[in-house]
Amino acid sequence: MNAKLTGIRAATAAGGVALLMLVSACGGSGESTGEGTAEQDAGAGAAEETGGTDGGSDAGGESGAGEEQDGAGDGADADPSAGGAVAAPAEGFSACDVLEADELGEVTGLDLGEGTADEIMGSTTCTFTAADGSGMAMVQWAAVEIADDATFDATLEAAQSTYEGGSEAEQLDIPGASRAGGFTGDLMGYTAAGVLAQAEGGFLQVVVGGSDVTIDAAAEVAELTLARA
């Protein structure tokens with residue numbers, strides 16, 4: 001592998017470890033997943049705090065009979081692009097199992113070889129590199145829950161800090177993600193675009209490096225990954 005690509009791969013992997021440590025230090029865990037499950041279980045039973053008893057339909061159609069009649073089917077078939085469904089990658093998920101080099105090449109404009117899988121601190125990383133050293137794409141899934149918006153913002157800022165001369169992070173709307181952000185900058189001599197996307201049970205990090213790379217391309221890689229998770 002090209003020495004430059006080896007360097008950027010090591011840098012992105014190190015950055016991923018740093019993000020894992022940050023999320024853990026900020027309280028990222030399964031706690032928020034548990035809380036979400038508890039809220040769903042409670043909401044599925046009755047109107048709860050919103051309206052009281054069986055006649056609580058005046059408090060809003062979100063709870064009570066409407067949920068029982070329509071909720072299960074609608075939730076299962078929800079279109080992620082409409083913001084309804086958040087991806088929930090299974091245990092041991094790896095982007096190398098769901099992404100092909102040729103389709104990533106179409107998205108990024110890079111001539112990439114097949115992905116190489118690694119596991120770092122419980123996270124899975126798949127790296128696609130160009131044989132001529134012209135670029136790379138890395139997709140990392142970390143099964144560490146980001147507890148709240150403040151932790152997500154801090155994690156996004158930490159990811160951005162590994163780039164030189166980076167652009168200001170921008171919020172993104174990526175199907176399958178509950179929150180996402182992206183930025184560009186220089187990483188080990190490459191012009192690179194990075195995206196961080198929060199999903200059910202963890203977060204996805206995408207890094208695309210090469211000439212003329214864009215945040216949109218990195219976001220599309222994230223969307224492809226989450227759609228197949």
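The values are calculated or read from the model by the stated rules, or taken from the named source; none is laboratory data. Small disclaimer: the values here were computed from a predicted structure and weren't measured. Reconstructed Cβ throughout: ideal geometry from the backbone, glycine too, with neighbour counts over all protein chains shown. Surface areas here come from the heavy atoms of the whole protein model, side chains and all, with no ligands, DNA or RNA. Shrake-Rupley method; radii C 1.70, N 1.55, O 1.52, S 1.80 Å.
Quick notes on this structure:
- Pair list, Cβ under 6 Å, 6 or more apart: region 98-125 residue farther than 17 Å from V213 by Cβ and open to solvent by less than 60 Å² (accessible area, probe 1.4 Å), other residue aromatic (F, W, Y) and outside any helix (DSSP H, G or I): G115/F128; T124/W141
- Residues in region 130-143 that are open to solvent by 30 Å² or more (accessible area, probe 1.4 Å) and out of contact with any Pro (no Cβ under 9 Å at 6 or more places or on another chain): A131, D132, S134.
- Residues (over 20 Å from S134 (Cα atoms), assigned to a loop (DSSP other than H, G, I, E, B), open to solvent by less than 30 Å² (accessible area, probe 1.4 Å) and without any contact (Cβ under 8 Å) to a residue 60 or more places away in the chain) located in region 151-190: I174
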